[in-house]
1. Given segment 509-609, what helices (runs of 4 or more DSSP H) lie entirely inside it while holding 3 or more residues that are on the phi < 0 side of the Ramachandran plot, surrounded by fewer than 18 Cβ atoms within 10 Å (Cβ to Cβ) and modelled with pLDDT under 90?
2. Which of the residues that make up segment 481-501 are open to solvent by less than 80 Å² (accessible area, probe 1.4 Å) and in a loop (DSSP other than H, G, I, E, B)?
3. Looking for whichever is under 33 Å from the mean Cα position of the chain (by Cα) and either surrounded by fewer than 19 Cβ atoms within 10 Å (Cβ to Cβ) or closer than 17 Å to D528 by Cβ (or both) here; the options are C450, C504. Which one fits?
4. Just checking, which of K366, K430 is closer than 30 Å to S518 by Cα and free of Cβ contacts under 8 Å to residues at least 24 places away in the same chain?
5. Can you confirm whether segment 451-460 contains a residue that is farther than 30 Å from K402 by Cα and among the small types (G, A, S)?
6. Looking at segment 168-186 only, could you name the residues that are of a type in the set (A, V, I, L, M, F, W, C) and open to solvent by 10 Å² or more (accessible area, probe 1.4 Å)?
7. Can you tell me which residue in segment 161-186 is farthest from A223 (Cα to Cα), limited to those that are outside any helix (DSSP H, G or I) and more than 30 Å from the chain's Cα centre (by Cα)?
8. So, in segment 187-223, exactly how many residues are open to solvent by 20 Å² or more (accessible area, probe 1.4 Å) and in a loop (DSSP other than H, G, I, E, B)?
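The values are calculated or read from the model by the stated rules, or taken from the named source; none is laboratory data. What you are looking at is a predicted structure, and each value in this text was computed from that prediction instead of being measured. Quick reminder, even Gly has a Cβ in these numbers, built from the backbone with ideal geometry, and neighbours come from all protein chains shown. Remember, those area values only see protein heavy atoms, side chains included, never the ligands or the DNA or RNA. Shrake-Rupley method; radii C 1.70, N 1.55, O 1.52, S 1.80 Å.
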Amino acid sequence: MANKNIEWIARLASFSKVKEVNFPERILQQVHVSFSDGNSNVLKGHRLVVKQLARYHTPVLVNSWLELMQSHDVKIDVGCYTFAIRGLIENDKVAHDRNVHIQNLWRRLQEENVRPGLKMFSSIIEGYARNGEYGSCCHWVDQMYNSRVYPCILTFNSLLHCCAKNENSVAAEQWFRKLQQVTLKPDARTYGNIIETYTKQSDVKHSIRWLDAMERSGVERSATSYNLVLKMFADSGHFSACIAMIKKMVGNENYINPDLYSFNILLHALANMVSNDNTNASVELIEQEVENVFALMKKCSIQGDLYTYNSVLNIFAKSGHVEHVLKWFDILQQRGVQADLVSFHSVIDAYSRQGDISNAKIWLQKLLDAGFVANDTTQNLVLNAFAVSGDGEGAVEFLGEKVANNGMFQSVLHAFGKSGNVEGAEKVFKSFLLQCVPVDQYVCAGMLKCYAKVGEYTKAGVFISRMEQDFGIDPDVIHFQIVIDACAQAEKPKLAEGWFSKMCEGGNIVADTHVYNSLIYAFSHVGDLPNAVKWLDQMRSAGCSPCTRTYSSLAFALQKSPHVSVAKRLLADAQNERVVLDRVVYNSFIQAASTPAESFEHDAQKMSS
């Protein structure tokens, strides 16, 4: 009879795993068998059913099953309650009143004099920690102490994990001190959770401090904690810091071997470095760094996977070097790694960044021939080739009857904007609206750029003024900057100043470097050096740093209206601020600095009067 009971319970547990189907209450009533009290297998089966019911179904069914157990004289032990409470924690269907149901189970446990143990509390706290519910974790720690059950290292690790999810470094430090007060020894997971708390805050100083503390503590280490710090550096594109850390891991006297994930993070850092507009890395340097990564992998006896090679393809695609993308696409296959959709996307992306429509289409066909299905990302990448080349009509033709999304909308507008075809852009904008393609802030920016390209400041002004009314979108700093660009293109610097004032009304939008650069360009474009320098000074006062574009605009103004003292001052400023000037701009400053001219101060006085 016991075996039959176990069979029933197993079948019910299996059935209850199906989330889409409600657990039929009638089955509970159909089980009319006598359970053998104390049979561990039967009790284990009950726990499994309780767990599945709590996780996927309603608390009513959990209580029904517990009552069924009691009616057949099966003792409900602490394990059943542990499974029931843990299941409810993981049940998204009861999230809004989860704690009420859990408290009911807790009350029932106490009424039946079932003594909770460390395993139960640890399991409950771990469940809440995974959800990031710090308040509930603390509540159950209090219940734990009230029941005269004392936490172990697993409990503290769960609490620290919850702190990491909430980026609560203050609480993490407090729990670590409590852990030490009760003379528990922290392990690798303990330190890993604290390090994760700080890496999520991009706090380099404290992340490294806790990594060093883990090393000093003599805790057996793995690559996991180091990978957290590596990821922090990689996300900000600090490739050199990642390389230094990898070498530290390999060169450590206890030899903390990096894993495959460590090297994939390293390639992610290189990709972010390449994406950084300020990088001057040549393709030769990038390729050398990639080879260095693979050399380190070989030293650690680690083979790259598909993600590794796709990262390399992405690096060269972002840097716009098609020949290297094709080279590594062949290497990927030569090393027995099967290319996937992402691999093909990198090749298409490389051609698209060069505006090579023909080859982008060829690789689209190769993608299809390989058995892959083109998705929205694929279409967007090919459309980007049309955008870069300025072929708006071709983009519309390629899109054909396909259902467009926001990304496609932006690419088509970019294509028309690149060629200055405002009429075509307006036509396709209306067409997409009729197709109910959603309009977001990026689409609006795309339409504004079309106007800015040809200096249609009037149309740009009308468009930005109607954005909220027509599309429910509040213009942001990017939209205003584009309108200022339109005024600059039309040689209307005073209108540009007017839009700057309008942007600052209300104080909700703060001007950034790009806005100030546009204003400086607007006055430089008409040779109004005094006002251009005035906006440079305001830029610095606002805490924005001048960049290469800033000084390029000022060099243009100096060509039209050379002033020795101003040229010398600006050149010195650029050197002090370590702004990289290209040869043409640098020569413009040198030439202006050696040309006799009317004093800048006199010009400024005339302008102000």
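1. 548-560, 564-576, 583-593, 600-608
2. A490
3. When all the criteria are applied, what remains is C504.
4. Result: K430 is the single residue among K366, K430 that is closer than 30 Å to S518 by Cα and free of Cβ contacts under 8 Å to residues at least 24 places away in the same chain.
5. Yes, segment 451-460 contains at least one residue that is farther than 30 Å from K402 by Cα and among the small types (G, A, S).
6. Filtering segment 168-186 for residues of a type in the set (A, V, I, L, M, F, W, C) gives 170-172, 175-176, 179, 182, 184.
Once the filter is applied, which keeps residues that are of a type in the set (A, V, I, L, M, F, W, C) and open to solvent by 10 Å² or more (accessible area, probe 1.4 Å), segment 168-186 yields V170, W175, F176, V182, L184.
7. That would be V182.
8. Within segment 187-223, residues that are open to solvent by 20 Å² or more (accessible area, probe 1.4 Å) and in a loop (DSSP other than H, G, I, E, B) number 8.
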